[in-house]
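Beneath this line is the structure, given in structure tokens, with notes to follow.
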Amino acid sequence: MPSLKDLKNRIGSVKSTRKITKAMQMVAAAKLRRAQEAAEAARPYAERMTAVMSGLANSVKGSETAPRLLAGTGSDQTHLLVVMTSERGLCGGFNTTIVRLARQRINELIAAGKTVKIMTIGKKGREQLKREYSQYFVAHVDLSEVKRVGYTNAQSIARDILTRFDAGEFDIATIFYAEFKSVISQVPTAQQIIPAVFDDQSADAPALGTAYDYEPSEEGILADLLPRNIATQLFTALLENGASEQGARMSAMDSATRNAGEMIDKLTIVYNRSRQAAITKELIEIISGAEAL
């Protein structure tokens, strides 16, 4: 049985922890509002650009002059996996769910005899993956000093990926991130960006029977838009990840605050019982001594 002093110190420690988790919850809630607005504002542009690219891609599908970013290299031997996670922890299972999806894809590719290369964005995912797959790492992007992720960050990552693709370092590139749904729901997502994949039945695609003349040619437009589309998809994924991270952190800190409150209540009950037992023991000793006299 711990002493009264130990129990009192433990209660004080848990109360201090509750103050910290409560403060972190409030900070995450404030950051979540801005991050959610940024993610939701970027979705219409990304969706519309995807629809335009889908129409262009369908018109040149199977063409010998189709850009490599659309047609691919003709091989699927080497895969580049871009795993996006957070720079900081204390956000529940946010990083773990993304890493779990990436680990599942890595194991599938290795079992199929494919060559795997991993680029990590965010040190938390890198820390989890390096235990098993450090030999597959080829690059890491550190955003810990970036206060607010911008399009320039996505452009820099896109240039690195495109440079590696032009150098023939990989055939297929896939990004892993968490799509923000709500504070309690972040969906781990895998999206192939090279070669580009579009939905043939896009709701915003040009209607059947409508003819379009493009200046310059479809191939020329795609050659210019495809690199921009990769940067756009990366930027959208970074924004979705940012909102998902704050939502997960807010939810995790709320749970931690409630758990701390429950622990304080339990420790207080134990403290009161121990204190009452000590008082009762002292009274018994005093009465026994008085009767002995």
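We did not get these values from a lab; they are worked out from the coordinates using the rules stated. The structure presented is a predicted model; accordingly, all values stated were derived computationally and were not measured. FYI the Cβ positions are ideal-geometry reconstructions off the backbone, even for glycines, and counts take in every protein chain you see.
Other residues with beta-carbon under 13 Å from the beta-carbon of Ala252 carry, at +1 per Lys or Arg and -1 per Asp or Glu, a net charge of +2. Per-peptide packing, taken as the mean over residues of other Cβ atoms within 10 Å, places 185-193, 69-77 in the sequence 185-193, 69-77 from highest down. DSSP loop (so not H, G, I, E, B), at most 14 other Cβ within 10 Å: list which GluC sites (Glu not before Pro) in the stretch 16-118 pass both filters. Here the sparse-neighbourhood loop sites are Glu64. Working note: Cα atoms of the stretch 5-106, range along each principal axis, descending, whole Å: 80, 33, 15.
Rounded to the nearest 0.05, the FRET efficiency derived from the C-beta distance between Ala290 and Ile20 at R0 = 45 Å is 0.35.
Each residue of the stretch 135-140 is assigned a 3J(HN,Hα), and the resulting list reads 6, 9, 5, 10, 6, 9 Hz, derived from the Karplus form 6.51 cos²θ - 1.76 cosθ + 1.60 (θ = phi - 60°), x at Gly and Pro.
Cross-linked pairs Lys31/Lys124; Lys31/Lys266; Lys123/Lys181; Lys123/Lys147; Lys31/Lys181: Cα-Cα separations exceed 21 Å for Lys31/Lys266; Lys123/Lys181. Per residue, the Cα convex hull of the stretch 124-178 amounts to 112 Å³.
Given the -39500 (n - 2.57) contribution per DSSP H run of 4+ residues, what per-residue ellipticity at 222 nm results for the chain, rounded to the nearest 500 deg cm²/dmol? Don't jump to the answer; show the numbers that get you there.
Values: 6 runs with 181 residues, N = 293.
Roughly -22500 deg cm²/dmol at 222 nm, from the helical runs in the chain.
In the neighborhood of Leu234, defined by Cβ-to-Cβ distances under 12 Å, what is the net charge if each Lys or Arg adds +1 and each Asp or Glu adds -1? Net charge in that neighbourhood comes out at 0. Compute a Gaussian network model of the chain, connecting alpha carbons closer than 10 Å, and tell me which residue from Ile279, Ile110, Ile184 fluctuates the most. Largest GNM mean-square fluctuation: Ile279. The distance from the alpha carbon centre of the stretch 237-275 to that of the stretch 56-102 is 35 Å, rounded to a whole number. Which net charge results when you count Lys and Arg as +1 and Asp and Glu as -1 among the other residues whose beta-carbon is under 9 Å from that of Thr78? Net charge around Thr78: -1. DSSP beta bridges fully contained in the chain are about 35 percent antiparallel.
How big is the Kirkwood radius of the stretch 31-249, worked out from every pair of different alpha carbons and given in Å to one decimal? Mind showing how you got there, number by number?
Working: mean 1/r = 0.0552 Å⁻¹.
Here the Kirkwood hydrodynamic radius works out to 18.1 Å.
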